[in-house]
Each structure stands twice: as C-alpha cells, then as structure tokens.
Amino acid sequence: MSELTLPLALFNLLPVIFTGFALWFLTRLVGDLVPPCRTMARAGGVLIVLGGLSKAVWKLILVTTGQDLAWLASALFPLMAPGFALLAGAALGVSQRLRGRGEVAWIQHAVAAAILVVVGAVVVRTLGMGIQRGWFLPLLGLTSVANLVLSLVLIASALRLGRKDAALLFGVNLAMVFALPPIAMASPDTLFMHWLEQILTAIGTAAFALGAYWLWRSACASAVLDLRRAR
C-alpha cells in the first residue's frame, strides 16, 4: 500500500468509530427485545470492532514506522466473520420478536453450526490441502453472507416499525458494501482510489450508525406503547 498517507490512515479510524456507535445501539436493541440473544450481540459487536481496529492500527503503524505487521492486517476476517454471524443471528432474534415469535434457540444453533462449518472448511483448506491463505475464502464468504443477512433483517425490522428512513439508511450502507470491492480491486492503485474507498466506507458506516439509533429508539417507543396497552 505505497500510496498510504498519515491523514488517510487516521481517516480510516472514522468508519471504526461509526461502526462502534452502530453496534452499541444494536446491542441495546437486542438486549431490550431479546435478552437470550444479548450475549450473541455483544460478542459479535466486540469481534467486529476489533477486526476494524486491527486493520486501522496496521495502517497507522505502517505509515508511521514503516513496519508491516502482516498478522495484524490479516486479523480482519478471522474476527469479522464470526462477529457478523453472531450479530446477524441476534438481529434475526429481534425480527422474530417484532413478529410476535418468541423462539430463538434455533437461531443460536444455526449460527453455531454455520461458524463450525466455516472453521472446518478453514482447517481442511489450510492444513489438509495445504492451500496458502486457505482461510481467506471461507471467512470472506461467511462475512459477506452474514453482513447481507444482517442488512436485510435490519431493513425489514425498520419497515415493520414504520421507519422507512432507517430502512433507507441501512440500504445506503448495504450499497456501499457492494460498491467497495470493485473499487478495492481497481487499477491503478492510486491515492485517490484509497480516499474514495475510505470516504464511501465512512458514509456507509455513518448511515448504519444513524439507522441503528433510529431503529433502537423506535423499538423502545413501540415496546412502551405495547406495555401501556397491556395495562
């Protein structure tokens, strides 16, 4: 990453901060509506933030000291893959609650099974088949699928609560997720392309954070209204 500069490396922390705010509100949402899934949400949120921080800190160290800590850069998907899987499962629990369905045990079992299958694929590809970076594709696949499921579930939940604005923001974040891979693979690898990638990432995560806040507020208001009606 020869075009990396200190301002760009510092700017890379902004999406991590926005994501942290989003996960804070989503964790509170899960804790309020689906207590059995609270641990899943918290664990998923911590893993996702740690994954984002690992890549951001790697860039800062690289640009300030010239030292390339490859293991730190490679920690992104091993942390984010199970993180997004756990958070997507917790969001499914919220969706079940909003639809009046209380059973969430099957979600916990499904998430655990998905993670175990991917771990098995990583072991087979890396140790059994001796593929260099054999862990990358299975973890990338789990991250992508779980992120897509999370976004779609959050959009559906926002629409169920009548928050089309929040649903739109989650849609913006999802659009940024799909827009980033072609930009990351574009050639030549210029400073402009790096800035474009990070700006779009910041826009997507900012939309994600605001959408999560609105969704949490609306869910709380809806829960209070239901409680008053029950009285």
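The values are calculated or read from the model by the stated rules, or taken from the named source; none is laboratory data. Because the structure is predicted, anything quoted here is derived from the model rather than measured. A quick note on method: Cβ atoms are made from the backbone with ideal geometry, for glycine too, and the neighbour counts reach across all protein chains shown. For accessibility, only protein heavy atoms count, side chains too; no ligands or nucleic acids. Shrake-Rupley method; radii C 1.70, N 1.55, O 1.52, S 1.80 Å.
A few comments on the model shown:
- Net charge of neighbours whose Cβ lies under 9 Å from the Cβ of SER95, counting Lys and Arg as +1 and Asp and Glu as -1: +4
- Phi-based couplings in Hz for the stretch 93-105 (Karplus 6.51, -1.76, 1.60; Gly and Pro marked x): x, 4, 4, 4, 5, 5, 8, x, 10, x, 6, 10, 4
- Calculated FRET efficiency for the pair ALA73/ILE199, C-beta based, R₀ 30 Å, to 0.05: 0.90
- Residue order for HIS109, HIS194 - accessible surface, 1.4 angstrom probe, largest first: HIS109, HIS194
- Structure-based [θ]222 nm, the chain - -39500 (n - 2.57) summed over DSSP H runs of at least 4, per residue, nearest 500: -28000 deg cm²/dmol
- Considering only GLY45, GLY130, GLY83, the mean-square fluctuation computed in a Gaussian network model of the chain, springs between alpha carbons under 10 angstrom, is largest for GLY130.
- FRET efficiency, ALA113 to LEU13 (Cβ-Cβ, R0 41 Å, nearest 0.05): 0.75
- Cα→Cβ-extended label distance, 7 Å offset, between LEU140 and LYS164, nm: 3.8 nm
- GNM remark for the chain: springs join alpha carbons under 10 Å apart, and the peak mean-square fluctuation among PHE18, PHE170, PHE136 falls on PHE136.
- Contact order normalised by residue count of the chain, Cα under 8 Å, 6+ apart, percent: 26 percent
- Dipole of the chain [Lys/Arg +1, Asp/Glu -1 at C-beta], most positive-end residue of LEU47, SER95, PRO138: SER95
- The stretch 85-214: C-alpha gyration tensor shape, a/c 1.5 cut-off, then a/b vs b/c: oblate
- Report note on the peptides 148-156, 60-68, 211-219: ranked by the mean count of other C-beta atoms within 10 Å, highest first, their order is 211-219, 148-156, 60-68.
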